Structures are given as C-alpha cells and as structure tokens.
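Working notes, beginning with the structure itself.
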Amino acid sequence: MARKTNSKKRMTEDQEFQIMKLVLDKFLWLGFIVMGWGMYLTIKDFSILPGLWYLIAGAIILLLFLVIIVKEYEILK
C-alpha cells in the first residue's frame, strides 16, 4: 500500500496576520454599528439612558472580540 503524504500547506505568518486583520475588521464593524445605533437612539429620543446601554454594549463587544482574537493569535504563534 502506498503511504499518504501530508499535503496540507502551512500558512506563513504574514498570511495568518492578513486573515486575522480581515476577521478583526468585521468585529470592529459590528461593535461600531451597535454603538452607532445607541448614538442614534440618544439623539432621536433626547434621552440618554436607552442609547447609553447600546453604547456600553458596543464597547463590551469590541473588548470581548479583541481579547478573543488576541488569544487566538497568540495560540497560533
């Protein structure tokens, strides 16, 4: 029987970094959209509290995904 060779190619560090940037960009857009919605609600209703909750949620989303992506990048290294 013929042996199978491992034909998987490893990505270079630059390729991994480029992919990480693409993924991080999507998460940044998500956090920005949530924060923008909060700002819109604050301006529209002239009440700060409902919009403030969205702004805080957007900031938490950004921080959460930042921590997750940095951990994943460190594991891959």
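Quick rundown of the values:
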read-out	value
Cα gyration tensor, the chain - rounded (a/c under 1.5), prolate or oblate	prolate
Rounded to whole Hz, the Karplus (6.51, -1.76, 1.60) HN-Hα couplings of the range 20-25, x for glycine and proline	4, 5, 5, 5, 4, 4
GNM top mover of MET39, MET20, MET11 - the chain, alpha-carbon springs below 10 Å	MET11
Those chymotrypsin sites (Phe, Trp or Tyr not before Pro) in the range 1-63 that DSSP places in a loop and that have at most 15 other beta carbons within 10 Å	PHE46
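Readers should treat all values here as calculations from the given coordinates under stated rules, not as data from a laboratory. Fair warning: this is a prediction, and the values are worked out from it, not measured in the lab. All Cβ positions, glycine included, derive from the backbone under ideal geometry; neighbour counts span all protein chains shown.
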